[in-house]
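J.: Sharing a structure here in structure tokens format.
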Amino acid sequence: MHAAIFALFLAVPTAAFSATVAVADTPSFKFPSIDGGSYATADWRGKPVLVVNTASLCGFAGQYENLQTLSDRYAGRAVVLAVPSDDFAQELASEAEVKEFCEVNFDLNLPMTTIQNVAQGEVHPFYAWARDVHGFTPGWNFNKVLIGPEGEFVKAWGSTTKPDARPITSAIDSLLTQ
């Protein structure tokens, strides 16, 4: 089953998806924090936000290191949000295990949510918005969605684009200079 899902992922182009929408129409979203409490995207208005669905047991899990590097690079100017998901059957069983895995293996200290549905079942409202309004659904773990400073959908990338790759950093840099 996992091989079939991965084969489907490979068959789907990983080109960037982009869309524009009027800023007045951009909703804000709340995510439960893995540390307790919650994150509200409205609190990050004025900053680009890179939202990444993650999975600890995925072959792309090494990208956690790139996520932390990106978060450190843009500290105070942009936000990197990790959204653990078991939609592709590659996440640990509990938030406590995910948090420990990321701290021990990657010294991760960026914002991270609780385990969420991002592509299957009752998906988190952010991912429902990305799907329904912008036509983007993660095809695998470590898909990235860039939200602009006013909460608008800017662009999305597949798993093979590392978080600190030039296409993503260039997009963030251009939003920071606007």
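J.: Given the criterion in contact (Cβ under 8 Å) with a residue 24 or more places away in the chain, farther than 19 Å from LEU57 by Cα, touching a helix residue (DSSP H, G or I) at 6+ places or on another chain (Cβ under 6 Å) and aliphatic (A, V, I, L, M), identify the matching residue among LEU146, LEU92. Steps first, please.
T.: Numbers: LEU92 fails: farther than 19 Å from LEU57 by Cα.
Step by step, each of LEU146, LEU92 is checked, and only LEU146 is in contact (Cβ under 8 Å) with a residue 24 or more places away in the chain, farther than 19 Å from LEU57 by Cα, touching a helix residue (DSSP H, G or I) at 6+ places or on another chain (Cβ under 6 Å) and aliphatic (A, V, I, L, M).
J.: Counting just the residues of the range 70-108 that are assigned to a helix (DSSP H, G or I) and among the polar types (S, T, N, Q), which one comes out farthest from PRO167 (Cα to Cα)?
T.: Per the criteria, the residue is ASN105.
J.: Collect the residues in the range 109-159 that are surrounded by 18 or more Cβ atoms within 10 Å (Cβ to Cβ), touching a His at 6+ places or on another chain (Cβ under 9 Å) and not in a strand (DSSP E or B), keeping them in residue-number order.
T.: The answer is GLN116, VAL118.
J.: Follow-up question, since we're still on this one. What's the total number of residues in the range 30-50 that are assigned to a strand (DSSP E or B), surrounded by 15 or more Cβ atoms within 10 Å (Cβ to Cβ) and not hydroxyl-bearing (Ser, Thr, Tyr)?
T.: Within the range 30-50, residues that are assigned to a strand (DSSP E or B), surrounded by 15 or more Cβ atoms within 10 Å (Cβ to Cβ) and not hydroxyl-bearing (Ser, Thr, Tyr) number 5.
J.: Which number in (1) of a type outside the set (Ser, Thr, Tyr); (2) farther than 23 Å from TRP157 by Cβ; (3) at pLDDT below 95 marks the one condition that ALA7 misses?
T.: Of (1) of a type outside the set (Ser, Thr, Tyr); (2) farther than 23 Å from TRP157 by Cβ; (3) at pLDDT below 95, only one is false for ALA7: (2).
J.: Would you confirm, using the coordinates I've provided, whether ALA24 is at pLDDT below 95, within 22 Å of GLY151 (Cα to Cα), of a type outside the set (Val, Ile, Thr) and in contact with a strand residue (DSSP E or B) (Cβ under 6 Å, 6 or more places away or on another chain)?
T.: No: the conditions fail for ALA24.
The values are calculated or read from the model by the stated rules, or taken from the named source; none is laboratory data. Only a predicted model underlies this, so the values are computations on that prediction, with no experimental measurement involved. Because the Cβ atoms are built from the backbone with ideal geometry, glycine has one as well, and the counts that use them run over all protein chains shown.
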